[in-house]
Each structure stands twice: as structure tokens, then as C-alpha cells.
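Report on the structure given below.
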Amino acid sequence: RLPVVVLISGTGSNLAALLEAARAEDCPFRVVAVIADRDAAGLEHARTAGIPAQIVRLGDHPDRAAWDQALADAVAAHGPDLVVLAGFMKLVGPPLLEAFGGRIVNTHPALLPSFPGAHGVRDALAHGVRITGCSVIEVDAGVDTGRILAQAAVEVHEDDTEAALHERIKAVEQPLLVDVVRRLTSAG
Ligand code: GAR
């Protein structure tokens with residue numbers, strides 16, 4: 001089973017879906033470590049599953065370049081075949097991209113190329129789109145500009161709130177991400 005490292009910043013519902021999928025006997029991947037850039041609530045999912053959980057804080061490093069390198073080193077220490085950004089709210093720098101180019105995926109709560117960045121749900125709602133969704137992409141040096149691997153659509157309701165819409169997006173995002181990770185870690 002191919003080793004996967006998951007990077008998070010938040011509640012980790014997508015991480016939880018990956019951990020749940022990895023319990024199946026036929027699952028082609030296993031989560032070998034979870035790394036956060038802050039004291040993310042989602043780290044608890046890793047601890048419960050008995051998986052190494054680590055925080056690499058930007059503020060603990062002299063500058064961004066040092067943090068980029070520390071993050072890449074922390075990931076590389078686990079020797080993953082695939083790196084999954086599951087609600088990781090920082091841009092990854094050149095060291096990680098160089099070490100794992102083409103083997104890093106990110107999940108985003110909007111239909112890219114629309115509404116990239118940190119507020120995909122809020123921005124879609126503010127624009128008044130009737131349909132939004134989520135995208136799983138290959139990570140490149142840009143902000144949510146990488147090759148699209150999978151997408152799913154979600155209808156916006158009248159009087160939707162950012163929180164309610166985000167919850168409905170997460171409900172389709174979790175299985176979509178699991179599908180992509182399974183596909184990328186399956187032989188052939
Ligand atoms: C997810 O919806 C993910 O798409 C989004 O953060 C949420 C994390 O939820 N990521 C971004 O907005 C990245 N720009 P989770 O912590 O419950 O998995």
C-alpha cells in the first residue's frame with residue numbers, strides 16, 4: 001500500500017474521510033503521517049488513528065524559505081508516494097514542489113478556475129453563482145492553477161450561508177478526494 005502524507009490546517013474532515021477509506025482491506029494507500037502548519041483540530045483524527053501528527057509552524061522559523069524547507073523535510077522524512085493537501089491553507093514553496101513535483105494534490109471548495117484562493121465558498125456566494133462545487137487538482141507553483149483531476153457540482157440555495165454551502169460542498173468533496181487518491185495510488 002502506497003504511503004501518503006496529508007497536510008492540513010483545519011478541522012480535517014477530508015483527512016477523516018481518507019483515514020476511513022484506508023481502513024478497507026482493498027485500499028491502495030495508507031496515511032503514514034499528518035502535518036499541520038498550526039494547532040489544527042484535525043490533528044486529533046491522526047492521533048486517534050495512531051498516525052504520527054506533527055506541526056511545522058511558519059512562526060517557528062526565521063523566514064518563509066526556512067519554513068518551506070522544514071515542511072519539505074518533514075514530508076520527505078515519511079517517504080510518501082503522494083502528498084495530499086486537505087484544507088492546507090498555505091501555499092507550498094519550491095522545496096516541496098521540487099521534491100514531489102506532480103505528486104502533490106490539493107482539494108479546493110469551488111469549481112476552478114473560478115474562485116481560487118483562501119475563500120472559494122465565500123467568493124462564489126458573493127458572485128451569485130447558482131452552481132459551485134469542488135475541485136481536486138495537481139499542485140503547481142501557482143494559486144490553484146494546477147491540472148484539474150476531478151470536480152463535482154453543488155447547487156447554491158436561495159439564502160445560503162457560507163457555512164451551510166461549505167458543509168454541502170464538503171459532503172461531495174470527501175468522496176471525490178478519496179476517489180482521486182485511490183486512483184493515483186492504484187497500480188496500472
Ligand atoms: C475544504 O473544504 C477544502 O477544500 C478547503 O478547506 C476545507 C477544509 O476542510 N481548502 C481550501 O479552501 C484551500 N484553498 P476540512 O479541514 O474539514 O477537511
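Being assigned to a loop (DSSP other than H, G, I, E, B) and not hydroxyl-bearing (Ser, Thr, Tyr) is the filter here, so list the residues in the range 140-167 that pass it. Step through it out loud before you land on a result.
The first filter runs over the range 140-167 and keeps only residues assigned to a loop (DSSP other than H, G, I, E, B), leaving 140-147, 156-161.
Across the range 140-167, the qualifying residues are 140, 141, 142, 143, 144, 146, 147, 156, 157, 158, 159, 160.
Filter the range 147-188 down to residues that are small (Gly, Ala, Ser) and closer than 20 Å to residue 2 by Cβ and give me whichever is most open to solvent (accessible area, probe 1.4 Å).
Step one: filter the range 147-188 for residues small (Gly, Ala, Ser), giving 150, 152-153, 163-164, 171, 186-188.
From what's left, closer than 20 Å to residue 2 by Cβ: 150, 186-188.
Working: 150: 18, 186: 57, 187: 104, 188: 123 Å².
Result: 188.
Looking at the range 168-178, is at least one residue modelled with pLDDT of 95 or more, part of a loop (DSSP other than H, G, I, E, B) and among the β-branched types (Val, Ile, Thr)?
No, that holds for no residue.
The rows are residues; the columns are (1) more than 16 Å from the ligand (Cβ to nearest atom); (2) of a type in the set (A, V, I, L, M); (3) closer than 23 Å to residue 95 by Cα.
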| residue | (1), (2), (3) |
| --- | --- |
| 18 | no, yes, no |
| 25 | yes, no, no |
| 28 | yes, no, no |
| 33 | yes, yes, yes |
| 51 | no, yes, no |
| 62 | yes, no, yes |
| 67 | yes, no, yes |
| 75 | yes, yes, yes |
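Looking only at helices (runs of 4 or more DSSP H) that lie completely in the range 10-99, which have at least 1 residues being open to solvent by 70 Å² or more (accessible area, probe 1.4 Å), modelled with pLDDT of 95 or more and β-branched (Val, Ile, Thr)?
Those helices (runs of 4 or more DSSP H) span 43-48.
The values are calculated or read from the model by the stated rules, or taken from the named source; none is laboratory data. Here the structure is a predicted model, which means the values were calculated and not measured. Positions of Cβ are backbone-derived with ideal geometry, glycine not excepted, and every protein chain shown enters the neighbour counts. Surface areas here come from the heavy atoms of the whole protein model, side chains and all, with no ligands, DNA or RNA. Shrake-Rupley method; radii C 1.70, N 1.55, O 1.52, S 1.80 Å.
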